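Enquirer: Mind having a look at this structure? Questions to follow.
Nothing in this text is a laboratory measurement; each read-out follows from the coordinates by a stated rule. Every value quoted in this text rests on a predicted model; they were computed, and no experiment measured them. Here Cβ is always computed from backbone atoms with ideal geometry, including for glycine, and neighbour counts include all displayed protein chains.
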Amino acid sequence: MHGKHLVSVALLWAGLTAVGELLVIADLFPTVGSHEAEDFDSIFRFLLLLGIPVFAFVIAVVGYAALTWRVRGERPPEDGPPIRGGGWVPRIWLAVTGALAVFVMIYPGLTGLAKLQASASGYGWGEEQADLEINATAFMWQWTFDYPNGVQVSAAKGGEIVIPVDRKVRFNVNSIDVVHSLWIPAFRMKIDALPGRTTYMTVHPTELGAYTEDQSYRVQCAELCGLDHSKMWLPVRVVTQAEYEAWLAGLATGGK
Ligand SMILES: [Cu+2]
């Protein structure tokens with residue numbers, strides 16, 4: 001009797017784990033458009049691969065118990081006798097999940113933070129050197145982006161963010177009213193826009209791309225900031241360096 005339940009739960013656990021891990025391997029992630037996206041996706045995938053067996057175990061045990069020992073017919077007038085003491089299952093559970101938690105705090109937790117903070121890594125939330133700097137200003141409910149040589153892009157003027165591929169692009173981010181957040185899904189990078197303080201976000205796009213083909217190429221406010229928060233977005237286009245320069249020159253001489 002006891003053995004039958006153990007085998008059933010083990011099979012259910014194995015099946016749920018297999019389904020979960022297959023979903024991770026199936027790669028349902030959005031477009032990977034930058035070095036940062038590669039790093040963050042690999043970290044996310046690693047955490048999912050570790051976490052899915054733990055989650056599947058809980059679901060298997062709770063689900064199996066709820067279905068197998070549910071009350072049929074008339075409800076009993078009182079609870080059964082209390083269960084005291086542990087045994088080997090909760091001990092192993094504590095040891096394994098505790099070890100996993102400590103492990104992921106160190107890797108990729110602390111190691112990832114160290115990499116982000118090291119400006120030598122070439123990306124992150126610091127003031128490191130960049131090939132191109134764009135000043136982003138958020139306000140309710142729109143963005144403006146100031147490029148070198150006085151070009152300003154905003155959704156109000158039908159603009160789009162154009163940046164060159166294989167270059168380090170730094171956004172210097174400000175807000176003039178409430179807290180907003182600059183987010184470009186294809187790059188997996190996001191930084192809050194705070195009134196009275198400049199924050200930084202550096203991205204290193206690796207692929208050409210445009211919003212018209214792929215909606216993860218867009219700037220989107222990611223901090224609920226009021227009525228038109230969801231409309232606070234602009235298309236993004238990643239182009240070659242030559243195309244970027246031509247685009248910038250065209251705008252600087254009074255184009256769109
Ligand atoms: Cu906003």
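Enquirer: Pick from segment 167-185 the residues that are among the polar types (S, T, N, Q) and more than 15 Å from residue 233 (Cβ to Cβ): which of them is nearest to the ligand (Cβ to nearest atom)?
Expert: 175
Enquirer: Is one or more of the residues making up segment 143-150 touching a Ser or Thr at 6+ places or on another chain (Cβ under 6 Å) and surrounded by 13 or more Cβ atoms within 10 Å (Cβ to Cβ)?
Expert: yes
Enquirer: What residue, among those in segment 206-249 that are in contact with a strand residue (DSSP E or B) (Cβ under 7 Å, 6 or more places away or on another chain), closer than 25 Å to residue 178 by Cα and in a loop (DSSP other than H, G, I, E, B), is farthest from the ligand (Cβ to nearest atom)?
Expert: 217
Enquirer: So which pairs qualify, if the first residue must be in segment 59-80 and assigned to a helix (DSSP H, G or I), the second must be aromatic (Phe, Trp, Tyr), the Cβ gap must be under 7 Å, and the two must be at least 6 apart or on different chains?
Expert: Note: pairs meeting the criteria are 60/13.
Enquirer: Now, a different point. Got a sec? Which of 146, 41 is among the acidic types (Asp, Glu) and in contact (Cβ under 8 Å) with a residue 24 or more places away in the chain?
Expert: 41
Enquirer: If a residue has to be buried (at least 21 other Cβ atoms within 10 Å of the Cβ) and more than 15 Å from the ligand (Cβ to nearest atom) to count, how many in segment 186-200 make the cut?
Expert: The number of residues fulfilling the criteria is 4.
Enquirer: Does any residue of segment 19-34 turn out to be more than 30 Å from residue 209 (Cα to Cα) and of a type in the set (D, E, K, R)?
Expert: For segment 19-34, residues more than 30 Å from residue 209 (Cα to Cα) and of a type in the set (D, E, K, R): absent.
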